[in-house]
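**Student:** Got a structure here, written out as structure tokens. Questions coming.
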Amino acid sequence: MQAFTATEGINMKIAVLSGKGGTGKTLVSVNMAAAAEQAVYIDCDVEEPNGHLFFKPEAIAQENISIKIPVVDPARCNGCRKCVDFCKFNALAHTGQKLIIFSEVCHSCGGCALLCPEKALTEKDKVVGEIRRGVSQNVRVVSGILNPGEASGIPIIKKELSYAAEGDGLTVIDCPPGSACIAMESIREADYCILVAEPTLFGVHNLGMVHELVRLFGKPYGVVLNKCLEEENPSEKYCVDQGIPILGKIPFDKEIGRLNADALILAREKEVYRDMFFSLLHRTSKEVGHEAAIDS
Amino acid sequence: MKIAVPADDRSMESNVCISFGRTPYFLIYDTETGESAFLENTAAEKHCGAGIAAAQTVVDSGAAVLLTPRCGENAAEVIQAANIKLFKTFNGSLQDNLDAYQEGKLPVLQEIHAGLHGHGGN
């Protein structure tokens, strides 16, 4: 088996994203990590992490992730409502008799506690989710899990990204779908973004969303076309028209579907798939190198 | 006693707004003076926590009763903590609903929905 050595000398963080769920982000990121000699896989889709279902990591280390939320000392609160007026997220209300705090709405900015002239507000820790880290053969697997009903997975994603490969090494970041705050947080540290796209008009629309996002962040990027059929591919046309590099194509294939549905990792099951993702990794590292050459 | 009602427009003939948190106006009707005032609901444009902010507006208006077709759980927590009574409106004008309330024909609002949090985008 050929070993992937092209990552030597490159500290490469690749973020894999798409405009909607189900396009193949996890398929691409899990298999790219598995095809590498060594990699760190970080599942930032904290609302529905599923990369661990494929990797089945062992030797799990678990840690809780907390945020700060305000608590009120009713004896000190004089009902001035500076905190209520200040909060952009409307996480506080005052009934005339008491202050009510909605911790699920709170975004932990700490502003209310800073502002309170009576020092009636202090902050306490609230657990919003957890991170599980384990090992699956050549891959260190990091999964973030947001507790249901919580407003934001960002504190979890921030902590997860601190477990990226140190020094020379490959990190693959499996992003949440869409282009909202949590996707932005997931690509913030990335050296390169891979956009996964489906061959439909709807797929083009979703590709356009993440395309706009990566341009906004000034990230180098390329596209992987998933579920490719023989017929015309609107997403491929979009890439050609926009001059976006196409890094690879994954066919719409029964065997891929079956293996994936059985939570098996394609690159660990068959040489042909391993080669496919090895090539994708190689192509991506060349793109990253190319960008580095342009930057210098 | 003051009665608050979410209103589509600033007229007694306008319909009760189907949304509490994102209603454009609140009618504040004073049963003692018979006066009607319309407050703008600044919460309507809020990114999130609109129900909480709208409830704050109703609390600040001094209303003792809120007539509304529906109410989310966060807003209801504020309304109930302020001892404001909740009644369920029917599909009709503000005037029709006020009349029905004063004739004791509006039922108490029982079902509090879980809110539509996050559905306005992130």
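The values are calculated or read from the model by the stated rules, or taken from the named source; none is laboratory data. Computed from a prediction, not measured in an experiment: that's the story for all the values here. Note: ideal-geometry Cβ built from the backbone for every residue, glycine included; neighbour counts use all protein chains shown. Note: areas computed on protein heavy atoms with side chains; ligands, DNA, RNA excluded. Shrake-Rupley method; radii C 1.70, N 1.55, O 1.52, S 1.80 Å.
**Student:** With both partners inside chain A, how many of the DSSP beta bridges are antiparallel, as a percent to the nearest 5? Kindly include the intermediate steps, with their values, before the conclusion.
**Tutor:** Values: 24 of 53 bridges.
Roughly 45 percent of the DSSP beta bridges within chain A come out antiparallel.
**Student:** While we're here: Name the residue from A:Leu114, A:Ala91, A:Ala75 whose Cα lies farthest towards the positive end of the charge dipole of segment A:74-119, charges +1 on Cβ of Lys and Arg and -1 on Cβ of Asp and Glu.
**Tutor:** My answer, from the dipole projection, is A:Ala75.
**Student:** So, one more: Any idea how far apart A:Arg258 and A:Ala59 come out in nm if each label point goes 7 Å out from Cα toward Cβ?
**Tutor:** Using points 7 Å along Cα→Cβ, the separation is 3.5 nm.
**Student:** Please determine, in degrees from 0 to 90 and to the nearest 10, the orientation of helix A:201-216 with respect to the longest principal axis defined by the Cα atoms of chain A, where the helix direction is its Cα long axis.
**Tutor:** The angle comes out at about 70 degrees.
**Student:** Let me know the shape class of segment A:74-119, please: from the alpha-carbon gyration tensor, a ≥ b ≥ c as square roots of the eigenvalues, rounded when a/c is under 1.5, otherwise prolate if a/b is greater than b/c, or oblate. Please report the intermediate quantities before stating the final value.
**Tutor:** Working: a/c = 1.85, a/b = 1.32, b/c = 1.40.
In terms of gyration-tensor shape, oblate.
**Student:** Now for a separate question. Where does helix A:271-295 land angle-wise versus the long Cα axis of chain A, in degrees 0 to 90, nearest 10?
**Tutor:** Taking the Cα atoms of chain A, the angle to A:271-295 is about 70 degrees.
**Student:** Could you pull out the GluC sites (Glu not before Pro) across segment B:73-104 that fall in loop regions by DSSP (anything but H, G, I, E, B) with no more than 16 other Cβ atoms inside 10 Å?
**Tutor:** On the way: sites: B:Glu73, B:Glu77, B:Glu103; in loops: B:Glu103.
The qualifying sites are B:Glu103.
**Student:** On average, how much area does the Cα convex hull of the protein assembly as shown cover when viewed from any direction, in nm²?
**Tutor:** For the Cα atoms of the protein assembly as shown, the hull's average projected area reads 25.6 nm².
**Student:** Counting only protein heavy atoms and a 1.4 Å probe, tell me what percentage of chain B's accessible area is made up of carbon and sulfur.
**Tutor:** 47
**Student:** Going by alpha carbons, how many degrees (0 to 90, nearest 10) lie between the helix axis of B:50-61 and the longest principal axis of chain B?
**Tutor:** 40
**Student:** While we're here: Leaving ligands, DNA and RNA out of it, report the carbon-plus-sulfur percent of the accessible area of chain A at a 1.4 Å probe.
**Tutor:** 51
**Student:** Oh, and also: Based on DSSP, what percent of beta bridges with both residues in segment B:2-102 are antiparallel, to the nearest 5?
**Tutor:** 70
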